[in-house]
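Inspection log for the structure reproduced underneath, given as structure tokens.
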Amino acid sequence: MNTLVGGVITIIDLALLLKTAAFFPDNLWLWRYGPGILTHLRHEQTSDVDRIEALGVHCEFCKVTIPPRPRTSLRYSRRHAPTRGPAATGVLRGLVNLVFWTPLLVATSGTTLILLSSAAPRTLLILGTAEIGLLGFLTLLAALVIRYSLGTRDIYYSDMSRYVGFFSRRSLGPGSAAQAHSVYLAALLLVSVFCYAVTYDGMYALRPGLFAGHPDANFLTWLYFSATIVSTTGDSGIHAVGGISRFVVTVQTSTVLILLCWAIGVLASARRGH
């Protein structure tokens, strides 16, 4: 049984490691070429970012040259393939994209780590919970990079675009930019809350002395603790007393405050535009 649990946690850790590592070439590429993509999109009056990602573009009119997105990219996207391949290749690409879709990967991996934490090898559990916390941090950081690079087109480019599309088709009116951004930002915050809650749960399972104020904490306790940090109320009654736990709480607090300030600006801008 322990061997089986170890194998499952190892697979989860490798998937999280691949997704975390993919954030760096993805966002470095977008940071460098995103403003050029936005310039070209304004000139072309098109929203086909996916084709630019897959094929690159060279535009003489706006003096923009953009190479294709790195092939190491695991971002969920309706990418246009440069050449038409076998149908099985398209199915496999779709499955890979779905498996590495951040909300789904975080939800399945986090739930599995929580359920198997009592039987999981210590080292693998540490690695998995740390990777989920890092993934939550990088998701918020990537949202800022995408906003800087693509402006208001960011909501349909992010991992959270499926949520925005779902609500847009069912409850949002046409042109409701402020509402679409609200859904997008709410999804970012929910993913962040869950990621950090998994990290706190793993830290407590390994070293209960890192936190004080709740002797019988479970995952729901850490979900509430993470939510109070995001809401800036901080009234959960739990206190970080170790150096590592204080560092993680500080990182979460800082990134959430940045995101909230940015969210206020985005929503105000969207409302003025409407």
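What's the local net charge at V5, with K and R +1, D and E -1, over the other residues with C-beta under 15 Å away?
Around V5, the surrounding residues sum to 0.
Can you list residues from other chains, or at least 5 along the same chain, whose modelled amide H is less than 5 Å from the amide H of F211?
Here V241 satisfy the definition.
Hey, can you rank 61-67, 226-232 by average C-beta count inside 10 Å, highest first?
Descending mean neighbour count gives 226-232, 61-67.
Starting at the first residue of the range 59-72, write each ³J(HN,Hα) from the Karplus equation 6.51 cos²θ - 1.76 cosθ + 1.60 with θ = phi - 60°, in whole Hz, x for Gly and Pro.
Per-residue couplings from phi come out as 10, 6, 5, 9, 6, 10, 10, 10, x, x, 4, x, 5, 7 Hz.
Could you tally the net charge around I126, taking each other residue with its Cβ under 14 Å from the Cβ of I126, Lys/Arg +1 and Asp/Glu -1?
Result for the neighbourhood of I126: -1.
Extending each Cα 7 Å along its Cβ direction at V241 and A186, get the distance between those two points in nm, one decimal.
Simple spin-label model gives 3.8 nm for this pair.
Counting only protein heavy atoms, what percent of the accessible surface of the range 180-223 is carbon or sulfur at a 1.4 Å probe?
Taking all protein chains in place, the range 180-223 shows 68 percent carbon and sulfur surface.
The values are calculated or read from the model by the stated rules, or taken from the named source; none is laboratory data. Since we're looking at a predicted model, the values are computed, not measured. Glycine gets a Cβ as well: all are built from the backbone with ideal geometry, and neighbour counts include every protein chain shown. Surface areas here come from the heavy atoms of the whole protein model, side chains and all, with no ligands, DNA or RNA. Shrake-Rupley method; radii C 1.70, N 1.55, O 1.52, S 1.80 Å.
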